[in-house]
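The values are calculated or read from the model by the stated rules, or taken from the named source; none is laboratory data. This is a predicted model, so every value here is computed, not measured. Cβ placement follows ideal geometry from the backbone for every residue including glycine, while neighbour counts extend to all protein chains displayed.
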Amino acid sequence: MQGIKKVFSLEDGRQIEIETGKLAKQADGSVVVRMNDTMLLATVVAKKEAGENIDFMPLTVEYQEKYASVGRFPGGFFKREARPSEYEILIARLVDRALRPLFPEDFHAEVQVQITLISGDKTTPPDALAALAASAALAVSDIPFNGPVSEVRVAKINGEFVINPSIEDTEKAELDLIVAATKDNIMMVEGEMKEVSEDTMLDALKFAHNTIKLQCEAISQLEELVGKTEKREYSHEVNDEQLKEDIHRETYQKCYDLAKEGIASKTQRQEGFEAIKQAFVDTIAEEDLEEKQPLIDRYFHNVEKEAMRDMVLNERSRLDGRKLDEIRPIWAEVNYLPSPHGSAVFTRGETQSLTTCTLGTKLDEQIIDGAMIEGKNNFILHYNFPGFATGEVKGNRGVSRREIGHGNLALRALKQVLPSQEECPYTIRIVSDILESNGSSSMATVCAGCLALMDAGVQIKKPVSGIAMGLIAKDGKWAVLSDILGDEDHLGDMDFKVTGTKDGITACQMDIKCDGLSYEILAKALNQANQGRMHILNIIEQTLDKPREDYKPHVPRVVKITIPKEFIGAVIGPGGKIIQELQKETNTVIVIEEKGDVGVIDIVSVNKEGIDAALARIKAITAVPEIGEEYDGVVKNIQPFGAFVEFLPQKDGLLHVSEISWQRVNNVEDILKTGDKIRVKLIDIDKKTGKYKLSHKVLIPKPQDKRPLDDEFYVKKEN
């Protein structure tokens, strides 16, 4: 069956196909996007009506990679795709953040977007195509949507910007961004960089936007081919214009004046606004209140938001009384917890992170077993946001998608400054527990994580800080806000998180909620963020200016050695017997990896004596016997013609009866017993059989000569 297809080319000639009308036709909209051999199926379905008293956009975005798409079986006992991996959740979040602002404000029907990888190309990453597929599925449906929107990956490789590079090339990039935009405006940015400048960031956004415009045009042309330019009619809000007008008239100025007071406490501000609303509610007849309460809540929220925005633009002041570029008070402390390997508390205003750093072995590495991505991860960052951080009662029912996203942003920020595996042979885990939150807890995690790493003695290259920037724009007036509050994030038009060192940006995440964000405003936000980062870096360095010179006494030490590849089996032993016994006897953890022609061994223990003992044993096992060398051996077996002595682990040699003593030995068992320790010298290695010949007598003094009588003849003859 033939579907409707739109094919377009990127600037380098690579083609992207969007096809609809062939698969999943009972969905409201479905498309298949293909680039090389990577294919994504995107479907979208929306309910016809909204739920009662729903005043938000109930959007669900799911992304799943089928293992069959790359010819693999899923791992685990059940051998089927299970709950989404963190990688899949992160891709779904990228798409969600691109789509959500573009639904009409009064459209509240539940919408579900599902994107599935149905064919995988190991060179073409699907994440850069997911939003394109979702947007195209919405375009060919009758669901109201103010698109199209699309995403691309832009990377800077060898000094040049590249759109949707291969997986292999992306690993070499100094900048790696996912950018979402409409034809006119950038909507979302997320990525990591190796200390790039603000100008490089702006150039990357402009470069990405040029390609996105091409993709949005292709979606629009597909929409026309399908004939779905007319969207469904809906009515999801019941309004009372008179009530709306009354609330605005009675509460706007009161909200404006309260916002202007500059109250630093979030709780006190909330109580103040609630009192204004309650004063209006008290004027409503009791018999009408139940019906009007949902409308009052919605209309007052809009008035509150409008008043706060107007106050910032008119007064050039903040809700908590700060200047536009002023950072809230900060205090930080390291080594707060005595037992973890590293710890830090970072508090900025009413946002606080308690962060720990744990140093583990290679056995602690995270195993990644996805359809497209396989491997191991030796740097892990977990972010936790309990309900009490905002004074709420909230059950701890697993990690939320928001927690995964915030943790990933902090991880990207810090991983750029980590030492190499040779310099720091540990698996590193950072855990940030948010204890208070009123604005950008992810950036507090970056700062606390940096301090915890340095407190643990991890020799990071440079300290890293992060800041969240906001924007309020209206009728040509705009204000860029540094270190935004939670309220400013909610009422503002931008949430732009930027992290970096003194020399450049290491990660960013940006969400835009307004139309017409100019590059002038972006440049202002980036430069103002730079000033804020430098201020925060100064406080970090006052707390701890560089990593501790050594790890703490209770941190396990790692000694790394390499051995010839052929000795790996000897160290492990049959069924792991040798290495298990060695670990038990020396109280160490021993990890062996095969790399090329060598085996790399990590010996890990808090106890130096244990490491030394394990090291000596391994060196003995892997030692190459040399003729002329002396060894401490153990008698393993006795025969009439001599004794077999283990002179190196798993290496036995024959100590012939004639090599035991200078005196004649008639019975070996008169001299040696099984288990006796004896010093021996390797005197020969049979070239054909490889057998070892040992001697003990050459290591002991030769007794006084008692030659036979005819010796005199020989002596004379010699003379």
Verdict on Leu23 being of a type outside the set (Asp, Glu), on the phi < 0 side of the Ramachandran plot, in a loop (DSSP other than H, G, I, E, B) and not assigned by TED's automatic domain parsing to the domain that holds Tyr299: yes
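Results for (1) in contact with a Pro (Cβ under 6 Å, 6 or more places away or on another chain); (2) assigned by TED's automatic domain parsing to the domain that holds Ile91; (3) at pLDDT below 95; (4) over 22 Å from Lys552 (Cα atoms), shown as yes or no for each residue.
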site: Ile368; (1), (2), (3), (4): no, no, yes, yes
site: Met372; (1), (2), (3), (4): no, no, yes, yes
site: Asn377; (1), (2), (3), (4): no, no, yes, yes
site: Val393; (1), (2), (3), (4): no, no, yes, yes
site: Arg397; (1), (2), (3), (4): no, no, yes, yes
site: Gly407; (1), (2), (3), (4): no, no, no, yes
site: Pro419; (1), (2), (3), (4): no, no, no, no
site: Cys424; (1), (2), (3), (4): no, no, yes, no
site: Val431; (1), (2), (3), (4): no, no, no, no
Number of positions in the range 663-690 that are part of a loop (DSSP other than H, G, I, E, B) and surrounded by 12 or more Cβ atoms within 10 Å (Cβ to Cβ): 5
Odd one out for His108 among (1) farther than 30 Å from Arg232 by Cβ; (2) touching a residue at least 24 places away in the same chain (Cβ under 8 Å): (1)
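Tell me, which residue of the range 323-342 that is closer than 18 Å to Ser482 by Cα and of a type in the set (Asp, Glu) is surrounded by the most Cβ atoms within 10 Å (Cβ to Cβ)? Outline the logic, then answer.
Residues of the range 323-342 closer than 18 Å to Ser482 by Cα: 323-331.
Remaining after also requiring of a type in the set (Asp, Glu): 325-326.
Working: Asp325: 17, Glu326: 15.
The selected residue is Asp325.
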Members of the range 14-26 that are of a type outside the set (A, V, I, L, M, F, W, C) and under 33 Å from the mean Cα position of the chain (by Cα): Arg14, Gln15, Glu17
Residues of the range 113-163 satisfying the condition of being under 23 Å from Ser235 (Cα atoms), polar (S, T, N, Q) and touching a Lys or Arg at 6+ places or on another chain (Cβ under 9 Å): Ser141
Residue ID - surrounded by the fewest Cβ atoms within 10 Å (Cβ to Cβ), chosen from residues in the range 343-399 that are of a type in the set (Phe, Trp, Tyr) and within 20 Å of Gly457 (Cα to Cα): Phe379
Subset tally (residues that are surrounded by fewer than 19 Cβ atoms within 10 Å (Cβ to Cβ), in contact with a strand residue (DSSP E or B) (Cβ under 7 Å, 6 or more places away or on another chain) and farther than 13 Å from Cys450 by Cβ) for the range 522-554: 1
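Looking at the range 637-649, which of its residues are over 23 Å from Pro703 (Cα atoms) and surrounded by 13 or more Cβ atoms within 10 Å (Cβ to Cβ)?
Here is the first cut: in the range 637-649, the ones over 23 Å from Pro703 (Cα atoms) are 637-640, 644-649.
Correct list: Ile638, Phe644, Val645, Glu646, Phe647, Leu648, Pro649.
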Filtered residues of the range 198-255 (kept if not charged (D, E, K, R) and not in a helix (DSSP H, G or I)): Gly227, Thr229, Tyr234, Ser235, His236, Val238, Asn239
Flag if Lys462 is closer than 19 Å to Arg309 by Cα, among the basic types (Lys, Arg) and over 16 Å from the mean Cα position of the chain (by Cα): no
Boolean, Ile484 is in contact (Cβ under 8 Å) with a residue 40 or more places away in the chain and either part of a strand (DSSP E or B) or in contact with a Leu (Cβ under 7 Å, 6 or more places away or on another chain) (or both): no
Residues located in the range 357-390, provided they are among the polar types (S, T, N, Q) and more than 16 Å from the chain's Cα centre (by Cα): Thr361, Thr390
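Could you check the range 325-355 and list, in sequence order, the residues that are among the β-branched types (Val, Ile, Thr) and either touching a His at 6+ places or on another chain (Cβ under 8 Å) or free of Cβ contacts under 8 Å to residues at least 40 places away in the same chain (or both)?
The answer is Ile327, and nothing else.
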Selected residue (criterion: nearest to Asp515 (Cα to Cα)) from residues of the range 71-116 that are acidic (Asp, Glu) and not in a loop (DSSP other than H, G, I, E, B): Asp96
Those residues of the range 170-203 which are surrounded by fewer than 16 Cβ atoms within 10 Å (Cβ to Cβ), farther than 10 Å from Ala507 by Cα and of a type in the set (Lys, Arg), in sequence order: Lys172
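Can you tell me which residue within the range 295-309, out of those that are over 10 Å from Ala479 (Cβ atoms) and buried (at least 18 other Cβ atoms within 10 Å of the Cβ), is modelled with the lowest pLDDT?
In this case the residue turns out to be Leu295.
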Cβ-Cβ under 6 Å pairs, at least 6 apart or on other chains, the range 545-556 side hydrophobic (A, V, I, L, M, F, W, C), far side crowded, with 16+ Cβ neighbours inside 10 Å: Val555/His341; Val555/Leu359
Qualifying residue in the range 262-271 (condition: part of a loop (DSSP other than H, G, I, E, B), at pLDDT below 95 and surrounded by fewer than 16 Cβ atoms within 10 Å (Cβ to Cβ)): yes
